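Quick notes on the structure that follows.
The values are calculated or read from the model by the stated rules, or taken from the named source; none is laboratory data. Bear in mind that the values here come from a model prediction, so they are computed numbers and not experimental data. With ideal geometry, Cβ positions are generated from the backbone for all residues, glycine too; neighbour counts draw on all protein chains shown. The area values use the complete protein model at the heavy-atom level, side chains included, leaving out ligands, DNA and RNA. Shrake-Rupley method; radii C 1.70, N 1.55, O 1.52, S 1.80 Å.
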Amino acid sequence: MVLRKVAAALLLMACPAVAQEKPPATLKVLCWNIHHGVGVDKKLDLERIAAVIRAQDPDVVALQEVDRGCRRSANTDQPTILGELTGLKSAFGEAMPYDGGSYGQAILSKHPIKSTEVIRLSQNQEPRIGFRAQILHPAGPVTLVSVHFDYRSLESRLAEGGNLLKALEPISGPLVVAGDLNDVPGSATLALFKAPWEKVLLKAPSSSFPAREPVKEIDHIFQRGLITTEEASVIDERIASDHRPITAVLKFRAE
């Protein structure tokens, strides 16, 4: 009997992980409509966009209204430049050709980007897309989708939301949708995101547009397969874009 107790004690000492579980890993998401880098002061300045992102130290970033090679933004490759300025990996999804280049959305990531896909949501005057990336986070693969819905009509937003959710339905594993949905809490657009989708609730004040004095909560983060924490808020940045950025910390589920 004594020998058995000694053996059990030695086993516990050799395997401390049995007595102490690791907490779930986190995923910090930042979402921002950057207005092709032009602030409310009419200045094109990617460095100040990058400075805001660096200060938040996110794992992943979903950016809307991004230019690549457009005359209005000095023919620059904004996704690549922002990746270099932030030290993050970058990928670009084209919504449409524009002004000598491309206009669309970008994803930045601290972790490797395994694959990307442009999901066509509508072919209106300004085509709308979801831009999907599979991120190889140390805790496991996670899918991030940046979206930008139409601002003109509810009918368009409902069609775009329906097309997005249909395209994402077969994707397994943790999934985050972040972007400018051009609609507010309580709207029919946001009501499309039913369980198992969960809206990340931002701390008050939760409005993000217009940037100087926000009165509309139209930038949102939804997640499926993760755990929402209370660490979600609007960043007090009033100049760099016509929207303020939003950020949230999510947790991976412990296996």
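Worth pointing out:
- Close amide H contacts of HIS137 (hydrogens built in the peptide plane, cut-off under 5 Å, sequence separation of 5 or more or a different chain): VAL142.
- The amide H of GLY101, built 1.01 Å from its N in the peptide plane, has ARG71 as neighbours under 5 Å, considering only residues 5 or more places off or on other chains.
- Relative contact order computed over the chain (Cα-Cα under 8 Å; 6+ residues apart), in percent: 20 percent
- Residue of ALA55, ALA167, ALA106 that the Gaussian network model of the chain assigns the largest fluctuation, springs spanning Cα pairs under 10 Å: ALA55
- Probe 1.4 Å - accessible area at LEU136, Å² to nearest ten: 70 Å²
- What separates the Cα centres of segment 219-245 and segment 49-83 is a distance of 17 Å.
- For segment 86-152, the set of trypsin sites (Lys or Arg not before Pro) satisfying both a DSSP loop assignment and a count of at most 13 other C-beta atoms within 10 Å is given as ARG152.
- Sorted on the mean count of surrounding Cβ atoms within 10 Å across their residues, most packed first, peptides 215-221, 230-236, 27-33 read 27-33, 215-221, 230-236.
- Other-chain or far-sequence residues with amide H under 5 Å of ILE218's (modelled H): SER208, PHE209
- Inter-part distance where segment 156-195 and segment 87-150 are each reduced to a Cα centre, Å: 15 Å
- Helix 46-56 vs. the chain, principal-axis angle (Cα, 0 to 90°, nearest 10): 20 degrees
- Anisotropy class of the chain from Cα gyration tensor, a/c 1.5 cut: prolate
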